[in-house]
1. What whole-number distance in Å separates the alpha-carbon centres of region 44-81 and region 84-118?
2. At 7 Å along Cα-to-Cβ for each site, give me the label-to-label distance between His82 and Asp114 in nm.
3. From the square roots a ≥ b ≥ c of the eigenvalues of the alpha-carbon gyration tensor of the chain, which class results: rounded (a/c under 1.5), prolate (a/b over b/c), or oblate?
4. Once fully extended, how much extra length lies between Arg102 and Ser30, figured as 0.36 nm per residue of separation less the alpha-carbon to alpha-carbon distance?
Amino acid sequence: MFGPGEYVPDPTEGLVDVKDLPAPQLGFYSRNHKQTPCPRCGHLASRHTSDQRTVHDLGDLSTGRPVDLVVTYSSHYCADCHRHFNIDLTDLAPPGGHYTHRVIDLAVRVVVEDSVPYRPASWHLWRDHRVFVPFATIQNWVEAGGKKGARAHGRRLSGVGA
Ligand SMILES: [Zn+2]
């Protein structure tokens with residue numbers, strides 16, 4: 001008889017090829033507006049087209065699969081500035097980034113708060129949150145934002161490494 005504390009290994013443990021991980025589920029998000037303020041002059045700028053980008057989000061623990069967020073966004077033209085720009089998505093993900101802020105924040109927290117080295121942090125994110133982030137990417141995030149964060153938390157980041 002085994003109780004609820006029986007150890008059951010993660011079925012993906014030991015996989016070395018990312019391609020062998022479960023296929024992502026797709027989530028959909030739209031920020032496709034007819035008008036949005038121009039970031040330069042503040043006047044309302046009309047949409048001239050829309051596009052899509054995909055960002056990796058926290059995964060689905062109930063299915064064990066990662067989640068890719070397909071984001072539809074509008075592109076606008078400001079008639080005053082004669083300038084094209086995309087609607088602001090910086091609250092969702094950094095410009096050009098491949099992961100949502102939720103993933104980045106969590107990854108940095110795991111390293112900074114729990115003092116987990118980068119490689120185990122990568123496995124932690126996959127095992128517990130079903131999002132695959134290469135450890136070098138986590139390292140880049142921590143080093144890009146780490147100094148300020150380290151001061152704020154009063155912790156040293158040196159010695160945290162792969
Ligand atoms: Zn403008």
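1. Their Cα centres are 15 Å away from one another.
2. In this crude spin-label approximation the distance works out to 5.4 nm.
3. Details: a/c = 3.06, a/b = 1.66, b/c = 1.85.
It comes out oblate by the Cα gyration axes.
4. Details: separation 72, 0.36 × 72 = 25.92 nm, distance 1.74 nm.
The Arg102-Ser30 span can extend by a further 24.2 nm.
Bear in mind that the values in this text are calculations on the coordinates, not laboratory data. A quick note: this is a predicted structure, and the numbers were derived from the prediction, not measured. A quick note on method: Cβ atoms are made from the backbone with ideal geometry, for glycine too, and the neighbour counts reach across all protein chains shown.
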